[in-house]
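Engineer: Please see the structure below; I have some questions.
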Amino acid sequence: MAILVFVESAEGKIKKSSLEAVGFAAAMEGDVTAIALGSEVDESELSSLGNYGASKVLHQSDERLNKGVIQAYSSVIAAAMESENADILVLANSALGNPVSARVAIKTDASLVSNVTELPDTSGEFTVKRSIYTGKAFATVSLTKTRKILAIKKNAIELKETGGSASVESFDSPLNDADFAASITSTDKTTGEILLPEAEIVVSGGRGLKGPENWGMIEDLAKELGAATGCSKPVSDMGWRPHHEHVGQTGVKVSPQLYVAIGISGAIQHLAGVNSSKNILVINKDPEAPFFKAADYGIVGDAFEVVPKLTEAIKAAK
Amino acid sequence: MKILVCITHVPDTTSRIAFTENNTKFDSNGIQYIIGPYDDYALARAVELKEETGGSITVLNVGTQETEPTIRKALAIGADEAIRVNAEPVDSFFVAKQIAAVAGEGQYDMILMGRESIDFNGGMVHGMVGELLGIPSLSPVMTLELDGNQATMTREIEGGKETLQLNTPFVAGCQEPIAEWKIPNMRGIMSARTKPLNVIEPAEDGTATKLEKFELPPAKGDVKMIDADNVGELVQLLKNEAKVL
Ligand SMILES: Cc1cc2nc3c(=O)[nH]c(=O)nc-3n(C[C@H](O)[C@H](O)[C@H](O)COP(=O)(O)OP(=O)(O)OC[C@H]3O[C@@H](n4cnc5c(N)ncnc54)[C@H](O)[C@@H]3O)c2cc1C
């Protein structure tokens, strides 16, 4: 069974969620070919995908693809499924992967399921489990078309290194003007920071922090933990933090190993974005804050006292 | 400017999720239904664009008769007319086909919807519709400005955003802060009663997935409370028990 995996990179490195997608495809016992787009990722980085189970990597190193052009990406990926005779495409759920895979599904007449949380069951019909109602439930669905596309959720599989290395081949699917009908004129992106959807630990602050000037202690704790920073909706609504840090029902959904919530009450809409975290730590001065009911660890206390102490204690424990 | 806004009819964000009939049906007992919050942003921006440049807004829902109060609410917020495709919205593929069929007839300048529905969270319909119609599809879109038939948008990317330019027609999956949610006023509610709501039969059948069963996540264990004066104990738990340090 030939499986194609679409991998994304950031700052020249393959994203962790994409490594998980490769590992997921390998665990399906397929013959795994990855495809990468753009010129910013080099051959040695691509061949390292062999370490997660890919045998071959196709690389369309067109500079025009250094930005995530949705239509062009979907054209190249659909062409690669065709040329590889791959009936299955696996990718990571992401701000780029999801809109791209939707177009690929139409181009290739495939069944598409996003937010996949487990390996498919192929013993009878091809079924997968996916999260629904923003993490409040799961559904098992069967994919009825011959071709199938799975967009997987972070931490759907534990990453295993196999020690292999993959061959890298250049790929050159023709692109036309229509593929670039939406032109990206500028990009405004933080660099050198851990991306929120990719992070294994997330430290988030809420309205309890009183103002943007108090985020220093959140950043210090995040730095000590190697974590990304997040926030609640009112915090991004008031412009204290950028919108891409907003976690919850109407923001980013995260599923890290540890989610730390500081001065966040735990409204149901915030919980919807964090309920698939492996562990949740809540720091809140109100012992009745609803977040404690969803937490694994809790401290009742003033964030302005507790957070600096916690940062010091983590530093000391290293 | 002719704008098509596609809305979902979904359980309120505070709903307790439960299933019936051997975990094959959503339990709608006691559930309040709303316009999907992301769709609501798309509708709010459409109303603003209409105020700026004139034109008309058609709201579209694929759903059975029970979605009509939700559609009426969209009319009260400012849509001019509505279309309901009379069918269960069984999967993204089916819904996208219905939307593309309506859009193909209507010559819309733009098709706006939410970035995802909050029941199935597929986040796929905008891309499928764009591909079916052979026009650009962007999501998640955070701002949308128009200058004649040229649109400027910002799209959220991981760790930031990008700015795009393109011509109409296009499909956009919207999210905040594209506009503020609008609450219908009395005049809107009154006029919504008489605005046209056309019911049409589905254009084409065909699905790509089949639901087998639902399940709820396992119950959460109890929270371990640690004294604020004893953060050292917390660090030990994170290290040895949760194994995250
Ligand atoms: C349709 C819809 C969608 C929504 N989507 C989202 C979403 O995606 N994400 C989201 O976050 N919200 C969302 N909301 C809003 C949500 O309902 C809450 O209003 C919001 O999450 C509250 O943010 P908060 O916890 O930061 O603020 P608050 O509720 O004001 O809580 C502040 C907390 O800080 C604590 N605190 C105060 N001072 C201190 C201190 N010194 N030390 C420690 N703790 C302190 C307080 O005890 C309190 O618990 C949505 C709402 C709706 C209706």
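Engineer: Could you count how many residues in region A:271-290 are crowded, with 24+ Cβ neighbours inside 10 Å and near the ligand (Cβ under 8 Å from one of its atoms)?
Structural biologist: 3
Engineer: Out of all the residues in region A:245-270, which are over 18 Å from residue A:292 (Cβ atoms) and either within 8 Å of the ligand (Cβ to nearest atom) or not hydroxyl-bearing (Ser, Thr, Tyr) (or both)?
Structural biologist: Result: A:245, A:246, A:249, A:250, A:251, A:252, A:253, A:254, A:256, A:257.
Engineer: Is region B:203-214 home to any residue that is in a strand (DSSP E or B), open to solvent by less than 50 Å² (accessible area, probe 1.4 Å) and under 23 Å from residue B:59 (Cβ atoms)?
Structural biologist: Checked against the condition, which is being in a strand (DSSP E or B), open to solvent by less than 50 Å² (accessible area, probe 1.4 Å) and under 23 Å from residue B:59 (Cβ atoms), region B:203-214 yields no hits at all.
Engineer: Quick one: residue B:222 ticks every box in (1) facing another protein chain (nearest Cβ under 7 Å); (2) at pLDDT below 95 bar one, so which box is it?
Structural biologist: (1)
Engineer: Oh, and also: Mind listing whichever residues of region A:145-164 are open to solvent by 80 Å² or more (accessible area, probe 1.4 Å) and over 24 Å from the mean Cα position of the chain (by Cα)?
Structural biologist: A:146
Engineer: Report, by residue number, each residue of region A:165-182 that is touching a residue at least 60 places away in the same chain (Cβ under 8 Å), among the charged types (D, E, K, R) and open to solvent by 20 Å² or more (accessible area, probe 1.4 Å).
Structural biologist: Correct list: A:169, A:172.
Engineer: Residues B:134, B:127, B:78: which one is buried (at least 18 other Cβ atoms within 10 Å of the Cβ) and on the phi > 0 side of the Ramachandran plot?
Structural biologist: Just one listed residue meets the conditions, B:78.
Engineer: Return a yes/no flag: does region B:154-164 have any residue that is more than 20 Å from residue B:81 (Cα to Cα) and more than 7 Å from chain A (Cβ to nearest Cβ).
Structural biologist: Yes, the conditions are met somewhere in region B:154-164.
Engineer: Considering only residues that are in a strand (DSSP E or B) and open to solvent by 50 Å² or more (accessible area, probe 1.4 Å), which ones fall in region B:216-233?
Structural biologist: B:224, B:225
Engineer: For region A:266-295, name all the residues that are among the hydroxyl-bearing types (Ser, Thr, Tyr) and either within 9 Å of chain B (Cβ to nearest Cβ) or assigned to a helix (DSSP H, G or I) (or both).
Structural biologist: Scanning region A:266-295 gives a single hit, A:276.
Engineer: Among the residues of region A:185-200, is there at least one that is more than 8 Å from chain B (Cβ to nearest Cβ) and touching a helix residue (DSSP H, G or I) at 6+ places or on another chain (Cβ under 8 Å)?
Structural biologist: No, every residue in region A:185-200 fails to be more than 8 Å from chain B (Cβ to nearest Cβ) and touching a helix residue (DSSP H, G or I) at 6+ places or on another chain (Cβ under 8 Å).
Engineer: Those residues that are farther than 16 Å from residue A:178 by Cβ and within 8 Å of another protein chain (Cβ to nearest Cβ), I need them from region B:126-151; list them, please.
Structural biologist: B:126, B:128, B:139, B:140, B:142
Engineer: From the list B:5, B:59, B:95, B:102, which one is under 22 Å from residue B:202 (Cα atoms) and either of a type in the set (Gly, Ala, Ser) or more than 16 Å from the chain's Cα centre (by Cα) (or both)?
Structural biologist: Criteria check complete, one pass: B:102.
The values are calculated or read from the model by the stated rules, or taken from the named source; none is laboratory data. Being a predicted model, the structure only gives us computed values, none of them experimental. Note that each Cβ is placed from the backbone with ideal geometry, even for glycine, and that neighbours are counted across all protein chains shown. These accessible areas exclude ligands, DNA and RNA; they are computed on the full protein's heavy atoms, side chains included. Shrake-Rupley method; radii C 1.70, N 1.55, O 1.52, S 1.80 Å.
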